[in-house]
Structures are given as structure tokens and as C-alpha cells.
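Okay, structure first, notes after.
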Amino acid sequence: MDDTYWWYVLFVKTNKENKVIQDVTVFYNSLQLAYRFEAFYLESEYYYRNKQERILGRHYRKRPLMPGYVFIETNMPAVEFLGKYSYFVSTSADIIKILKYNDFDEIALPEEERLRFEFLYRGKRCLEHSIGYITGDKIVVQGGPLVGREGLIKHINRHNREAIIEFEMFNQQITAKVALEIVSKTSE
């Protein structure tokens, strides 16, 4: 989207993300508004341990980065969004609530947080795997979206080729698993 836009975040029941995306999109289309609208959830690659899949060259699969969160990217102002969607959200069996910032009526994800996500995702909706190495107790990521973002990494599981990252969203610390392949480890 090339003009001003916001990300609104719905907290939904886990494993209902696709259904909620479908429902909010159908509802939006029924309103026949002129705003741009896209509902999605953020994904992350993970290493897949199936030998037959690896032989075919498919080492990674996708999973939700943050299960239970659906994002809506739109240029619809927050007041109008709340007016159009409050009743829909309150009557949905799958949507728990619209997330708000600091218990105020600010429902748009703060711009710096949205830009952080967009930087990591590189314009895609899936966080691709990263490649790095360990020297002593220092992690160096040399390829992928975590380059220069080593500070987000809180734990590495080399066996599963994944890292646990921690970031802030709506003043809360969120942890997520992302694909990180460590190709070497040296003591110094």
C-alpha cells in the first residue's frame, strides 16, 4: 500500500486464524467500502525433518509466527474501523477482541512496531529462515532476515534449527520460534 495505512490486530482463538481471515474479509466486502483491506497472519519458516521431503529439496515449511493473532492492513481510520467492526467482533465466536494500545482507544499497531515487522518480513508475510554461526558465546547471523537483529534472539535449538526471538507488541513481550540454521560453532 503506497499511502497512509495502519495495521489493526485481532486476538483470536488459536487455530481459527484462517476462518477469521475469511470471515472479516467477507464482512468487509459486504460493506462495499472504498478502503484497501487485507487480513493476514504472520508466518515463519521451520525446518521440516521428513527425509522424503528433504530429498525433494523441501527443507522448510511454514507455520504461524504468533498463533492467535490476525492482522488487518487497511487505510481505514481507527474510528471508522471500530465503528464498522465492533459489533462484528463482539458477535464472532472466534474473535476474542481487537487489541488496544495502553488500554486507550488507540487500536492501530504503533508505526515503529509495524515498521519493525515489515523490515523483518521484507515485504512478505512469511519470515524466512536465517543462517549464522556461533563464535564463543556470540551469535552472528550472516544471511536472512535476522541479520543485524541478533539482539532479538533469546535461545537457540541447533538440533531443530530454530531460535526463540523476543520482541515487543502493544507494550507486551512476545516470544516466537523462527528458523535459524547454525552452520558452525567455534570456541573463539
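Tell me, yes or no, whether the range 139-155 has at least one residue that is at pLDDT 90 or above, surrounded by fewer than 16 Cβ atoms within 10 Å (Cβ to Cβ) and in contact with a helix residue (DSSP H, G or I) (Cβ under 8 Å, 6 or more places away or on another chain). Looking through the range 139-155, at least one residue is at pLDDT 90 or above, surrounded by fewer than 16 Cβ atoms within 10 Å (Cβ to Cβ) and in contact with a helix residue (DSSP H, G or I) (Cβ under 8 Å, 6 or more places away or on another chain). Here is the figure for the range 124-138: residues that are in a loop (DSSP other than H, G, I, E, B) and either closer than 17 Å to Val178 by Cβ or modelled with pLDDT of 90 or more (or both) total 4.
Is it fair to say Glu112 is among the charged types (D, E, K, R), farther than 16 Å from Met66 by Cβ and assigned to a helix (DSSP H, G or I)? When the stated conditions are applied, Glu112 passes them. Looking across the range 150-165 at every residue that is in a loop (DSSP other than H, G, I, E, B) and in contact with a strand residue (DSSP E or B) (Cβ under 7 Å, 6 or more places away or on another chain), the one that is farthest from Lys124 (Cα to Cα) is identified as Arg158. Selection within the range 69-100: residues that are of a type in the set (S, T, N, Q) and not in a helix (DSSP H, G or I). The member of this set that is surrounded by the most Cβ atoms within 10 Å (Cβ to Cβ) is Thr74.
Against the definition (closer than 30 Å to Tyr8 by Cα and small (Gly, Ala, Ser)), how does Gly68 come out, yes or no? It is true that Gly68 is closer than 30 Å to Tyr8 by Cα and small (Gly, Ala, Ser).
Each row is one residue, and each column tells you yes or no for (1) part of a helix (DSSP H, G or I); (2) within 20 Å of the chain's Cα centre (by Cα); (3) in contact (Cβ under 8 Å) with a residue 24 or more places away in the chain; (4) within 14 Å of Leu127 (Cα to Cα).
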| residue | (1), (2), (3), (4) |
| --- | --- |
| Gln142 | no, no, no, no |
| Gly148 | no, yes, no, no |
| Gln173 | no, yes, no, no |
| Ala176 | no, yes, yes, yes |
| Val183 | no, no, yes, no |
| Glu188 | no, no, yes, no |
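Residues in the range 103-122: is at least one under 17 Å from Tyr28 (Cα atoms), out of contact with any Asp or Glu (no Cβ under 9 Å at 6 or more places or on another chain) and aromatic (Phe, Trp, Tyr)? No, there is no match, as no residue in the range 103-122 is under 17 Å from Tyr28 (Cα atoms), out of contact with any Asp or Glu (no Cβ under 9 Å at 6 or more places or on another chain) and aromatic (Phe, Trp, Tyr).
Count of the range 121-138 residues, restricted to those that are closer than 16 Å to Glu43 by Cβ, of a type outside the set (D, E, K, R) and exposed (fewer than 14 other Cβ atoms within 10 Å of the Cβ), is 1. Residue count for the range 159-174 satisfying the condition of being surrounded by 13 or more Cβ atoms within 10 Å (Cβ to Cβ) and over 22 Å from Glu111 (Cβ atoms): 5.
Phe117 meets all of the listed conditions (1) under 12 Å from the mean Cα position of the chain (by Cα); (2) of a type in the set (Phe, Trp, Tyr); (3) over 23 Å from Tyr41 (Cα atoms) but one, namely (3).
Among the residues of the range 1-30, which ones are among the hydrophobic types (A, V, I, L, M, F, W, C), over 13 Å from Thr74 (Cβ atoms) and outside any strand (DSSP E or B)? Selection gives Val20, Ile21, Val26. In the range 41-58, the residues that are on the phi < 0 side of the Ramachandran plot and modelled with pLDDT of 70 or more reach residues that are basic (Lys, Arg) and exposed (fewer than 12 other Cβ atoms within 10 Å of the Cβ) with C-beta atoms within less than 8 angstrom, at least six apart or across chains, in these pairs: Tyr48/Arg58.
The values are calculated or read from the model by the stated rules, or taken from the named source; none is laboratory data. None of the values given here were measured: they were computed from a predicted structure. With ideal geometry, Cβ positions are generated from the backbone for all residues, glycine too; neighbour counts draw on all protein chains shown.
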